[in-house]
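Below is one structure, written out as structure tokens; comments come after it.
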Amino acid sequence: MHWFDEKTAKQYAGLRKALGDLEIWVTSRSKDHSRMLVWAGSESDPGVLYLYDPGAKRLDQIAEYRPNLDFRLLAVPKPIEYKARDGVNIKGYLTLPKGREAKNLPLILLPHGGPYGVRDKLAYNDEVQLLANRGYAVLQPNFRGSGGYGDAFFELGAGQIGRGMQDDLDDAMDWAVKEGIADPSRVCVVGGSYGGYAAIWAVLRNPERYRCAASWAGVTDWDKIIKYDRQFFGRQSFKRWRARVRGEGVEDLDSVSPYRLAEGLKRPLLLAHGTDDTVVPFKQYRMFEKEARNAEMPPTTLVIEDEGHGFSKPENEKAWYDALEKFLTEHNPADPAE
């Protein structure tokens, strides 16, 4: 980190000396800079919020972000890198469960939402820690089209939903298997929003690869979601968005839409959605669920009333985590011997 302002650089140096080797951010400050809110934490520490008085050189703790968590039980995510099948370098993060040998572990692929211009970061994540605590290795690939890696990498994602972007997830699994970390027979894909789509698509496109999948608020029909999205864009920006999703020369997206292939589902799938979702409307859930009723293995479902695209209430987030844990325990137990 490089500070252009010398005074700010000195303040951060002092804070680091006081708080140790943590990530430190001033999240808010008074207009006269006499008081500041300072967060300190890491990828394996939810963090603490302090009130800082630079004049008095006083630092008072205000709150812990996850006071009931024992930090000694939290896993430490690490950056990783692998080559996709076309030679593109893909970066991501791997979190290994504490107290277990990093060999032939059950693996959760956890693709991020977005998908464009968004990325996972080396930061504390409740879901990652929950899964690692239950005995799973967790891999978060920043597939092509993700943000933060430059324009060229971002542009590689154009027209690659369900195609090259999905290949990057398959290649992440292959990397983890080749490294000896993951058991190829115990890999599941879990995600929300675009990550939820990628999870559903994984078990439809490559059922031979994946043991199960779990989706929160996933897209199931891309043509319909593009039409729905039109209300949120101006004319030119909508054209750009549509072109980015479809890709050059693609008239429809039926071939990469889970709804169109729902009857072919033959792997366990947890399908979850909130009824008040205005980003990926609940209709996307209803369409897929109806079509998948006649599948070889119809999905396990979770509907949360009055919930949106994310989680507005802690009890709703807990309902998702409870359902996810139960589903994984049944279909991909972290320790099959138990």
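The values are calculated or read from the model by the stated rules, or taken from the named source; none is laboratory data. These numbers come from a predicted model, not from an experiment. Don't worry about glycine lacking a Cβ; one is built from the backbone with ideal geometry, like all the others, and counts go over all protein chains shown. The protein model used for the area step is the full one, side chains on, heavy atoms only, and it has no ligands, DNA or RNA in it. Shrake-Rupley method; radii C 1.70, N 1.55, O 1.52, S 1.80 Å.
General remarks:
- When shorter helices are ignored and each DSSP H run of at least 4 residues is given -39500 (n - 2.57), the per-residue value for the chain at 222 nm works out to -9000 deg cm²/dmol.
- Here the contact order of the chain, divided by its residue count and restricted to Cα pairs under 8 Å and six or more residues apart, works out to 12 percent.
- Accessible surface of segment 111-166, 1.4 Å probe, proportion on carbon and sulfur as whole %: 48 percent
- Shape of segment 31-161 from the C-alpha gyration tensor: oblate (a/c of 1.5 or more and a/b not above b/c, with a ≥ b ≥ c the square roots of its eigenvalues).
- Computed from backbone phi, the HN-Hα couplings of segment 64-69 come to 9, 6, 9, x, 8, 8 Hz, rounded to whole numbers (Karplus: 6.51 cos²θ - 1.76 cosθ + 1.60, θ = phi - 60°; Gly and Pro given as x).
- In order along segment 119-124, the phi-based Karplus estimate (6.51 cos²θ - 1.76 cosθ + 1.60, θ = phi - 60°) of 3J(HN,Hα) comes to 7, 7, 10, 7, 9, 4 Hz; Gly and Pro are listed as x.
- For residue 105, the residues whose amide H sits under 5 Å from its own are 182, 183, ignoring neighbours fewer than 5 places away on the same chain, with H placed 1.01 Å from N.
- Peptides 193-202, 153-162, 67-76, ordered by how many other C-beta atoms sit within 10 Å of their residues on average, highest first, read 193-202, 153-162, 67-76.
- At full extension, residue 18 and residue 81 could sit 19.3 nm farther apart than now, given 0.36 nm per residue minus the alpha carbon distance.
- Summarising the strand pairing of the chain, around 60 percent of its internal DSSP beta bridges are antiparallel.
- With all protein chains modelled, accessible area of residue 2 [1.4 Å, Å²]: 140 Å²
- Near residue 35, the amide H atoms lying under 5 Å from its own belong to 30; only residues 5 or more places off or on other chains count, and H is placed 1.01 Å from N.
- Annotation for segment 1-46 versus segment 50-88: alpha-carbon center distance of 13 Å.
- The phi-based Karplus calculation (6.51 cos²θ - 1.76 cosθ + 1.60; θ = phi - 60°) puts the 3J(HN,Hα) values of segment 27-44 at 8, 6, 8, 6, 4, 8, 6, 7, 9, 9, 9, 10, 9, 9, x, 7, 5, 10 Hz, whole numbers, x for Gly and Pro.
- Amide hydrogen proximity for residue 118: with H placed 1.01 Å from N in the peptide plane, the residues at 5 or more positions away or on another chain lying under 5 Å are 147.
- A 1.4 Å probe run over the chain, with the rest of the protein chains in place, finds 51 Å² accessible per residue.
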